[in-house]
Amino acid sequence: MDWFPFRMNNMFSFASAGCTHPGNLREINQDAYLSLPERGVWLVADGVGGHQRGDVASQAIVDAVASLSLEPCWENPVEAVRQRLLSVNLELVQAARQLGSGAVIGSTVAALVATGKQGVCLWAGDSRIYGFRRGRLSRLTRDHSQVEELVARGQLSVEEARYHPHANVIYRAIGQDESLEIDALAYSLAPGDKFLLCTDGLTKELYDEEIAEILATGDCQENCDRLMETALKRPCRDNLTVIVVDVRAPEETKTRSLKTIKI
Ligand SMILES: [Mn+2]
């Protein structure tokens, strides 16, 4: 578990834990993730299934955003991450073009950027971010998938979407097209909040109610371990990746100790 009590541009401090696994069937893991709790940035990426080089795409996203941490400060962290995602998109589109015949080197992305009092979700594809506050789990992202569209139009139930033969079909991903729209959603942060970032490998195995029950007790490391263990006891035909973030009030201990100092 990574724990960073001191923040640079954040009003909160964060602990986070992440894990990725190929699952019970696949040999290659095309998922990747990045945790930068000292910067308030986390992301999961899921290499687009059915295409070769999905692992290259998800790792390229991780590397592009990770390289940001070399910069001493970010004026606008959300924009900094968004720009990296847009440029890695162009790089992947160009790399695929060199392979020819409509090749795609693609990956989903779901990124959480904490800045000031807000957590901002940026995403493309069907990897998800959930918020967990006072026992309630809320999905913050909306999948860019065919089945999610059908659910939104009332043509499929959530349960039908889960087992639909086209459940894996996404219409947006990094590396899919030169023009890329990255969805964004801002969520106000509060001490005690948790966030879960995950690829669809997790949500194919666990219902939201089960996820909520696991997040209800323990810290981010325990939550991350239990989510992985529970999913891996099931068929788990896909790769799966989980990051759990705990939001804490900033520098609580430091303030308390300063108050007791007497000269
Ligand atoms: Mn997947």
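The values are calculated or read from the model by the stated rules, or taken from the named source; none is laboratory data. As the structure is a computational prediction, the values presented were derived from the model and not from experiment. Neighbour counts run over all protein chains shown; Cβ positions are idealised from the backbone, glycine included. Side chains are part of the model used for accessible areas, which takes the heavy atoms of the whole protein and leaves out ligands, DNA and RNA. Shrake-Rupley method; radii C 1.70, N 1.55, O 1.52, S 1.80 Å.
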> Just checking, which of LEU180, LEU227, LEU197, LEU206 is over 17 Å from the mean Cα position of the chain (by Cα) and closer than 24 Å to SER107 by Cβ?
Replying inline: LEU180
>> Cβ-Cβ distance below 9 Å, separation of 6 or more or different chains: which pairs start in region 232-244 with a residue that is in contact (Cβ under 8 Å) with a residue 60 or more places away in the chain and open to solvent by less than 10 Å² (accessible area, probe 1.4 Å) and end on one that is of a type in the set (Lys, Arg) and in a strand (DSSP E or B)?
In response: VAL244/LYS194
> If you check GLY106, GLY125, GLY175, which single one turns out to be within 16 Å of the ligand (Cβ to nearest atom), farther than 30 Å from THR217 by Cβ and touching a Lys or Arg at 6+ places or on another chain (Cβ under 8 Å)?
Replying inline: GLY125
> Which of the residues spanning region 1-28 are assigned to a loop (DSSP other than H, G, I, E, B), surrounded by fewer than 20 Cβ atoms within 10 Å (Cβ to Cβ) and at pLDDT 80 or above?
Replying inline: MET11, PRO22, ASN24, LEU25, ARG26, GLU27, ILE28
> Within the set of pairs 6 or more residues apart or between chains, which connect a residue that is farther than 10 Å from ASP238 by Cα inside region 189-204 to a residue that is within 15 Å of the ligand (Cβ to nearest atom) and part of a loop (DSSP other than H, G, I, E, B) with Cβ atoms less than 8 Å apart?
Replying inline: LEU197/SER127; CYS198/SER127
> Inside region 165-179, can you point out the residues that are surrounded by fewer than 17 Cβ atoms within 10 Å (Cβ to Cβ) and of a type outside the set (D, E, K, R)?
Replying inline: PRO165, HIS166, ASN168, VAL169, TYR171, SER179
>> Tell me the residue from VAL120, VAL147 that is open to solvent by less than 20 Å² (accessible area, probe 1.4 Å) and away from the ligand (no atom under 15 Å from the Cβ), please.
In response: VAL120
> What is the number of the single condition among (1) open to solvent by less than 30 Å² (accessible area, probe 1.4 Å); (2) at pLDDT 95 or above that TYR33 does not meet?
Replying inline: (1)
> Among the listed residues VAL44, VAL88, VAL65, VAL78, which satisfies the condition of being surrounded by 18 or more Cβ atoms within 10 Å (Cβ to Cβ), closer than 19 Å to THR141 by Cα and more than 16 Å from the ligand (Cβ to nearest atom)?
Replying inline: VAL78
>> Quick test of your reading of the structure: ARG26 fulfils all but one of (1) within 20 Å of LEU197 (Cβ to Cβ); (2) within 16 Å of the ligand (Cβ to nearest atom). Name the failing condition by number.
In response: (1)
